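Worksheet for the structure shown next.
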Amino acid sequence: MTSHVLQFTKLPDLDRKAVAPMPKLAEGDHVELRIHRDGGQLQTLCLPASAVAPVEALLDHLRRGERVALLTEDQELSPSDASTILGISRPLVVVRMDRGDLPFRYVGKHRRAKLRDVLELKAKLDAHQKALDALAEDTEDLIVNHGL
């Protein structure tokens, strides 16, 4: 079953090769998108400066062949969608919800968590994993170099 909330997209290889990287912009530069309509019409859309960095990042990820999804921080995710972002199983997401680690609300019988809360939990999990990795490295050092 495909999620209706969390949809990833990827550029085909042929399109990836056709997309040039955005040039570095100087102060005062602006970005315009040109749309060539089927009927031959040309439409130009000016991007505000604050929108350039996210568009540049999106294009950069797509050019590298990465799959991307566009979400808003207030967007609500199912436990399955949250598990995709967190890199843990859906049942473990539900356990985190029940423990209070991940705030959620019910929509009917279905749980929903805000993306910002999922990303906050991901940052905590990543920090814990980094600490565990450092501890494992220290332990290995003690065993190898100090015979403990």
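The values are calculated or read from the model by the stated rules, or taken from the named source; none is laboratory data. Treat the numbers as computed from the prediction; the structure is a model and nothing was measured. Here the Cβ is made from the backbone with ideal geometry for all residues, glycine too, and neighbour counts use every protein chain on show.
What number of residues in the stretch 36-82 are farther than 30 Å from Ala18 by Cβ, out of contact with any Ser or Thr (no Cβ under 6 Å at 6 or more places or on another chain) and surrounded by 10 or more Cβ atoms within 10 Å (Cβ to Cβ)?
Total satisfying the criteria: 8.
Starting from residues that are in contact (Cβ under 8 Å) with a residue 12 or more places away in the chain and outside any helix (DSSP H, G or I), keep the ones in the stretch 109-148 and report whichever is nearest to Asp74 (Cα to Cα).
Here the answer is Lys114.
Scan the stretch 5-13 and tell me whether some residue there is more than 29 Å from Asp126 (Cα to Cα) and touching a residue at least 12 places away in the same chain (Cβ under 8 Å).
Yes, the stretch 5-13 contains at least one residue that is more than 29 Å from Asp126 (Cα to Cα) and touching a residue at least 12 places away in the same chain (Cβ under 8 Å).
Pick out the one residue from Leu45, Leu62, Leu71, Leu25 that is outside any helix (DSSP H, G or I) and at pLDDT 90 or above. Even if it seems obvious, please write down each step before you answer.
On the way: Leu62 fails: outside any helix (DSSP H, G or I); Leu71 fails: at pLDDT 90 or above; Leu25 fails: at pLDDT 90 or above.
It is Leu45.
Going by what's in this entry, would Val94 be described as among the β-branched types (Val, Ile, Thr), assigned by TED's automatic domain parsing to the domain that holds Gln129 and surrounded by 10 or more Cβ atoms within 10 Å (Cβ to Cβ)?
It is true that Val94 is among the β-branched types (Val, Ile, Thr), assigned by TED's automatic domain parsing to the domain that holds Gln129 and surrounded by 10 or more Cβ atoms within 10 Å (Cβ to Cβ).
Can you pull out the residues in the stretch 81-108 that are out of contact with any Lys or Arg (no Cβ under 8 Å at 6 or more places or on another chain) and in a strand (DSSP E or B)?
Val107
Taking the residues in the stretch 9-34 that are farther than 14 Å from Leu59 by Cα and surrounded by 10 or more Cβ atoms within 10 Å (Cβ to Cβ) as candidates, determine which candidate is nearest to the chain's Cα centre (by Cα).
Out of the qualifying residues, it is Leu25.
For the stretch 1-22, give me the residue count where each residue is in a loop (DSSP other than H, G, I, E, B) and over 30 Å from Pro79 (Cα atoms).
Qualifying residue count for the region: 4.
Of everything in the stretch 14-54, what is farther than 19 Å from Val68 by Cβ, of a type in the set (Gly, Ala, Ser) and without any contact (Cβ under 8 Å) to a residue 12 or more places away in the chain? Give them in sequence order.
Ala26, Gly28, Gly39, Gly40, Ser50
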